[in-house]
Amino acid sequence: MQNIFVWKIRLILWLMLIIAIGFLLYQAAAPIGRANYTYDFSQTDKANYFINKLTPKERLKIINNNIQAIVGEPVYFSLNTLRKFDKAKIILQYQNPDDLPFIEIGLLKDKTIWNYDLKPVVNKTLNQLIMAWPVIYGENGKLLLQREKKYQTIVDFLKNPPTINEIATYNYDFKNNYVLPDYQPTGQDNKIAHPLRGPYQFWTYVKNENLNLEFVFSDINKNKDSDPIELNLYYRDKLIYNKILNDSGAPVDDGRKIDRGKLRLDIGNLAEGAYKVELRVNDDIITDQIISKQSKLSFINCLWLADGAKDIELKTDSPFVSAQTINPASLQTIKVGGNNLILNKTYRQFDAVCPIKSELASIKFEKGDVILSGNGVFSFNQDSFIKPVVKKLDNSIDVNANGINYVIAKYQMPKEEGTWQIAEAEFDLTNTYQEGPAYQLGSTNKMNFLISIPGLNAEDDVDDKIIFGKTTVKLSGRSLLDKIKAIFYEKN
Amino acid sequence: MKKINFAFQEFFYVLSGSLVIFSLLELTWPGVVLSCINLNWVLISWLIIGILNLYLTKNL
């Protein structure tokens, strides 16, 4: 009798353990290829394995009723998954009491150059234009706004677009056939002798000539990581050439500058058009010189003038310029157009608005080790300026002053739900930066997200904030059945 | 009383087994257990059941 009792208890308990293990494995493997995770960013006392808390703490503040608000930008959070997924749909619930005009959420794609794939949460300029201008809606959230209705469909617009000066885009990859009709190759050497630190991207132009670029590099050994140098060449967003200079030196962080040699590009038989050159390096790498036969060369969005650069003058079409330094010796006043941008604190970004003029704004400063950024391109002289892409419609753009008559975007206005606003963003996870332990059998992955709210500064005296509430991440990928089928079909 | 003692013994064995299995699972597939179960609580339960089990065995 006692034996039966013991066996019954034993059976029940072990069965419960087997069920628990089965449940854990089912949760982790997500055999139907879908998983949903939810976390409330406004509650500080709750923890979630899948969606981690917002960081850094300095940009967060507890307000009334123990609610956490964001007071500075950018803030970050990470998402842990227990298997690989292909897509993530993020549903964000937020309150915007100070009516901040521009919020984006981004997924880290490349850790070397800190490249985030940014998706819209709210774009007030676009919201206002949707109310004021005629709108044509297309598939997958595409929309075309026209100051005066000329095109009947988005396809008509794409087939026969107006000049790129009249167009602005947002969250849309607008492909245009950019040609400079009066361009003539000069064949002369153009030299950028100001040292540049870290990664950058620039546009250049080729017509009946070789693409000829020479880069001279050095390594300042500030961190112990390996410092490979990767140079990528893109034509119409497709990678057409790649060159890598490996770091064969010992991993040291003694701060001694060493020569890292040269990289040369000399490519012929290229079609006429604008080419994008990307340097993928970490912040230890200095480009001491760029010597080019190309007469057009403009840096895209961001440029770090390294320590040692002196009496710098740049031209930009960006409506604003942001500057930051980590070096106390580089604190200075930067002239942006007629305005002064006073850089009086390290590790803090300062902004200046460029005067709205038809010509390019001039940026002048005395000392390097300054990171410049904006919504546009930067060139070292007026003649080398080139911008083969259309303007991005963010909060810095004045649509009327810039003569924008058409906006093409992929955007969905946030929905209202009580006191909350709901926005959705969808990310492709197949080609993204994911961290995971190397020894594991399963595939635990960590992905990093950013929330960008330009203008929200934790260190200013303005009491502005934004509250992010319940956030749901809907993940989708291949089901177990699809994976089995793939093995079967691959074998046959 | 004896029945309770047997039940505690079985519970202790299952908890010991679950600790080993959960730890191995967690080592091979990080997060598979910790995403749902806090192993600290399993360990504390295992200790309490173990102590109670010893107490009951001694006093029977």
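The values are calculated or read from the model by the stated rules, or taken from the named source; none is laboratory data. Predicted model only: the values in this text are computed from it and were never measured. With ideal geometry, Cβ positions are generated from the backbone for all residues, glycine too; neighbour counts draw on all protein chains shown.
The set of residues in segment B:5-51 being over 21 Å from A:W7 (Cα atoms), away from every other protein chain (no Cβ under 13 Å) and in contact (Cβ under 8 Å) with a residue 12 or more places away in the chain consists of B:L43 alone. Comparison of A:V252, A:V216 shows that the only residue that is under 30 Å from A:A323 (Cα atoms), among the aliphatic types (A, V, I, L, M), out of contact with any strand residue (DSSP E or B) (no Cβ under 6 Å at 6 or more places or on another chain) and not assigned by TED's automatic domain parsing to the domain that holds A:I113 is A:V252. Candidates A:D307, A:D311, A:D369: the one that is in contact (Cβ under 8 Å) with a residue 12 or more places away in the chain and at negative phi is A:D307. Answer yes or no as to whether A:Y26 is within 30 Å of B:Y13 (Cβ to Cβ), within 14 Å of chain B (Cβ to nearest Cβ) and among the hydroxyl-bearing types (S, T, Y). The answer is yes for A:Y26. Within segment A:23-45, residues that are of a type in the set (S, T, Y) sit with their Cβ atoms under 9 Å from residues that are part of a helix (DSSP H, G or I) and surrounded by fewer than 18 Cβ atoms within 10 Å (Cβ to Cβ), at 6+ positions apart or across chains, in these pairs: A:S42/A:N66; A:T44/A:N66.
Of all the numbered requirements in (1) without any contact (Cβ under 8 Å) to a residue 12 or more places away in the chain; (2) touching a Pro at 6+ places or on another chain (Cβ under 8 Å), A:N176 misses one, and that requirement is (1). The set of residues from segment A:151-181 being outside any loop (DSSP other than H, G, I, E, B) and at pLDDT 90 or above comprises A:I154, A:V155, A:D156, A:F157, A:L158, A:K159, A:E166, A:I167, A:A168, A:T169, A:Y170.
Anything in segment A:7-16 that is loosely packed, with under 13 Cβ neighbours inside 10 Å and within 8 Å of chain B (Cβ to nearest Cβ)? List them, or say none. The one that is loosely packed, with under 13 Cβ neighbours inside 10 Å and within 8 Å of chain B (Cβ to nearest Cβ): A:M16. Of all residues assigned to segment A:445-467, none qualifies as being within 14 Å of chain B (Cβ to nearest Cβ) and over 25 Å from the mean Cα position of the chain (by Cα).
Look at segment A:269-305 and say how many of its residues are under 25 Å from the mean Cα position of the chain (by Cα) and among the hydroxyl-bearing types (S, T, Y). Count: 3.
Just for strands (runs of 3 or more DSSP E) wholly inside segment A:357-467: which have at least 2 residues that are over 30 Å from A:I62 (Cβ atoms)?
Numbers: elements: A:361-367, A:370-379, A:406-410, A:415-417, A:420-428, A:445-452.
Output list reads A:361-367, A:370-379, A:406-410, A:420-428.
When A:S78 is tested against (1) touching a residue at least 24 places away in the same chain (Cβ under 8 Å); (2) within 13 Å of another protein chain (Cβ to nearest Cβ); (3) within 27 Å of B:I21 (Cβ to Cβ), just one condition goes unmet, and that condition is (3). In summary, strands (runs of 3 or more DSSP E) completely within segment A:203-295 and bearing 2 or more residues that are exposed (fewer than 14 other Cβ atoms within 10 Å of the Cβ) and not polar (S, T, N, Q) occur at A:238-245, A:258-267.
Residue-by-condition table, conditions (1) surrounded by 18 or more Cβ atoms within 10 Å (Cβ to Cβ); (2) of a type outside the set (K, R); (3) under 30 Å from A:I466 (Cβ atoms):
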position: A:F5; (1), (2), (3): no, yes, no
position: A:I18; (1), (2), (3): no, yes, no
position: A:Y26; (1), (2), (3): no, yes, no
position: A:P31; (1), (2), (3): no, yes, no
position: A:R34; (1), (2), (3): no, no, yes
position: A:T38; (1), (2), (3): no, yes, yes
position: A:F41; (1), (2), (3): yes, yes, yes
position: A:K46; (1), (2), (3): no, no, yes
position: A:F50; (1), (2), (3): yes, yes, yes
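Restricting segment A:456-476 to residues that are among the acidic types (D, E) and within 21 Å of A:N66 (Cβ to Cβ), the residue that is modelled with the highest pLDDT is A:D464. When we screen A:I32, A:I19 for residues that are away from chain B (no Cβ under 11 Å), in a helix (DSSP H, G or I) and closer than 30 Å to A:K485 by Cα, the only hit is A:I19. The single condition among (1) buried (at least 19 other Cβ atoms within 10 Å of the Cβ); (2) more than 11 Å from chain B (Cβ to nearest Cβ) that A:N65 does not meet is (1).
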